[in-house]
Structure formats: structure tokens, C-alpha cells
Amino acid sequence: MNQGKIWLVVKPTVGLPAFLGGVAIIALAVHAAVLTKTDWYPAYFSGNKKVKTAEAAPTPQVVASNTAVADVKGSPPKTQ
Amino acid sequence: MEIDPNRVWPTGLTLPEAEELHRHVIEGTRLFGLIAAGAHLLAYIYTPWLH
């Protein structure tokens, strides 16, 4: 641990954020590079698209049927 | 060259304080490295990474 003497000449308030920030920036840069240069990494974060499209398709139909019911229920007060 | 353990350096730390701080830095780096190694092992096993 003879490198501990670094804190005698480098202020910990400067050195520690610089060290931790450097680690964070390098880690983010490497992962961003993998994210942009591969197809499986973005696909992993996108999840299973087949399941999502199958679930998303019936949703407008449900909304439409609810809207129709609401119109029917709402129409009698207008006529009275 | 011996360093006076009671001398306060320009950073405001003495030699024992600096070595204590550095011990925590080393421990944190080791813990981070172990967690990162485990995460990369899982990524290697369960993703196409490096295959």
C-alpha cells in the first residue's frame, strides 16, 4: 500500500471524484460502444418484440368497444 | 527516506491518514472488480457476447 502516499500530494476531494468519475466514464463508453456496434445488445433491451406486438394489437379493439358502449349508455340523456 | 507520521501535508492529511484512506480505496476497487467480474461472467454465459 505504498501508493497511499498519493493522498499526501493529491487532495482526496479532487483525486477521488476524478478516479471514480474516470472509471464511470470508461465503463459507460465501453458499454455504449457495445450497445451501438452489436445487434443483440439493443435487442436484449428491447425485449421480446413478438409478444409485445401480439399484446399491443388487441388493445385498440378493446378501447373501441368500450367507446361504443359508452356512446350507447350516454345517448339516452341527450335525447331526453 | 522516512516520512514523519505526524507531519500534516498540503492536502491536510498525515501519512497514517493517507494510508487509511488508500486502504478504503483499494477495498472499494476490489469489491467493484469482484462484482464486475461476476456480471461479466453472467453476460458471457447468457448473451452472445464474445462468442
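The values are calculated or read from the model by the stated rules, or taken from the named source; none is laboratory data. Because the structure is a prediction, the values reported are computed rather than measured. When we count neighbours, we look across all protein chains shown, and the Cβ atoms used for this are built from the backbone with ideal geometry, even at glycine.
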Residue list for segment A:1-26, restricted to those being in a helix (DSSP H, G or I) and facing chain B (nearest Cβ under 8 Å) | A:Gln3, A:Gly4, A:Lys5, A:Ile6, A:Trp7, A:Leu8, A:Val9, A:Pro12, A:Leu16, A:Phe19, A:Val23
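Yes/no matrix, rows are residues, columns are (1) among the basic types (Lys, Arg); (2) over 28 Å from A:Ala32 (Cβ atoms); (3) in contact with a helix residue (DSSP H, G or I) (Cβ under 7 Å, 6 or more places away or on another chain):
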{"residue": "B:Val8", "(1), (2), (3)": "no, yes, no"}
{"residue": "B:Leu13", "(1), (2), (3)": "no, yes, yes"}
{"residue": "B:Val25", "(1), (2), (3)": "no, no, no"}
{"residue": "B:Phe32", "(1), (2), (3)": "no, no, no"}
{"residue": "B:His40", "(1), (2), (3)": "no, no, no"}
{"residue": "B:Tyr44", "(1), (2), (3)": "no, no, no"}
{"residue": "B:Thr47", "(1), (2), (3)": "no, no, yes"}
Long-range neighbours under 6 Å by Cβ, at least six apart or interchain, first residue facing chain A (nearest Cβ under 9 Å) within segment B:1-12, second assigned to a loop (DSSP other than H, G, I, E, B) and surrounded by 12 or more Cβ atoms within 10 Å (Cβ to Cβ) = B:Thr11/A:Lys11
A:Ile6, sole failed condition from (1) at pLDDT 95 or above; (2) surrounded by fewer than 11 Cβ atoms within 10 Å (Cβ to Cβ) = (2)
